[in-house]
Amino acid sequence: MLCGERSDWRPENLVRLTWWTALAHAWPMPKRVTDHERHVKIFKNGRNQAVRIPREFELPGDEAILRKEGVRLIIEAKPPKSLLSVLAGLKPIAEDFPRIADLPPGPVM
């Protein structure tokens, strides 16, 4: 007979059910693994800890940003540089360009 059926509600069983319920609520239950999380192994790489990122979580590029929020470590893809920051990092061109004659505009049809 399953726990919770009518015959289990006798006084001698109520203590057992209460104890079991208290244990179930106090015992930490493992989190279910969803499509958005994976269990991974942490290993040593020299003096550093490392984690192998599964293919389905692969990040673009070859750099990432790691930050800590409480006890969580969050790894995010490094955002691409903006066009303004790329242009600001360019060196000026030392080449002289030839002059181009400014022609008058043609007739409008």
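The values are calculated or read from the model by the stated rules, or taken from the named source; none is laboratory data. Computed from a prediction, not measured in an experiment: that's the story for all the values here. Here the Cβ positions follow ideal geometry from the backbone for every residue, glycine too, while neighbour counts run over all protein chains shown.
Within region 85-107, identify whether any single residue is within 26 Å of the chain's Cα centre (by Cα), free of Cβ contacts under 8 Å to residues at least 12 places away in the same chain and surrounded by 10 or more Cβ atoms within 10 Å (Cβ to Cβ), and answer yes or no. First the steps, then the outcome.
Start the filter on region 85-107 by keeping residues that are within 26 Å of the chain's Cα centre (by Cα), which leaves 85.
Adding the requirement that they be free of Cβ contacts under 8 Å to residues at least 12 places away in the same chain leaves 85.
Pick out the ones that are also surrounded by 10 or more Cβ atoms within 10 Å (Cβ to Cβ) and you get none.
No, region 85-107 contains no residue that is within 26 Å of the chain's Cα centre (by Cα), free of Cβ contacts under 8 Å to residues at least 12 places away in the same chain and surrounded by 10 or more Cβ atoms within 10 Å (Cβ to Cβ).
Scanning region 37-48 for residues that are surrounded by 10 or more Cβ atoms within 10 Å (Cβ to Cβ) and modelled with pLDDT of 90 or more gives a single hit, PHE43.
Quickly run through region 76-108 and pick out the residues that are in contact with an Asp or Glu (Cβ under 9 Å, 6 or more places away or on another chain) and part of a loop (DSSP other than H, G, I, E, B). Listed by number, the list holds a single entry, LYS78.
Please state which one of ARG55, ARG10 is of a type outside the set (Phe, Trp, Tyr), surrounded by fewer than 10 Cβ atoms within 10 Å (Cβ to Cβ), more than 17 Å from the chain's Cα centre (by Cα) and modelled with pLDDT of 60 or more.
Values: ARG55 fails: more than 17 Å from the chain's Cα centre (by Cα).
Going through ARG55, ARG10 in turn, the sole match is ARG10.
Could you check, for region 59-75, whether at least one of its residues is at pLDDT below 85, surrounded by 10 or more Cβ atoms within 10 Å (Cβ to Cβ) and not in a loop (DSSP other than H, G, I, E, B)? No; the residues of region 59-75 include none that is at pLDDT below 85, surrounded by 10 or more Cβ atoms within 10 Å (Cβ to Cβ) and not in a loop (DSSP other than H, G, I, E, B).
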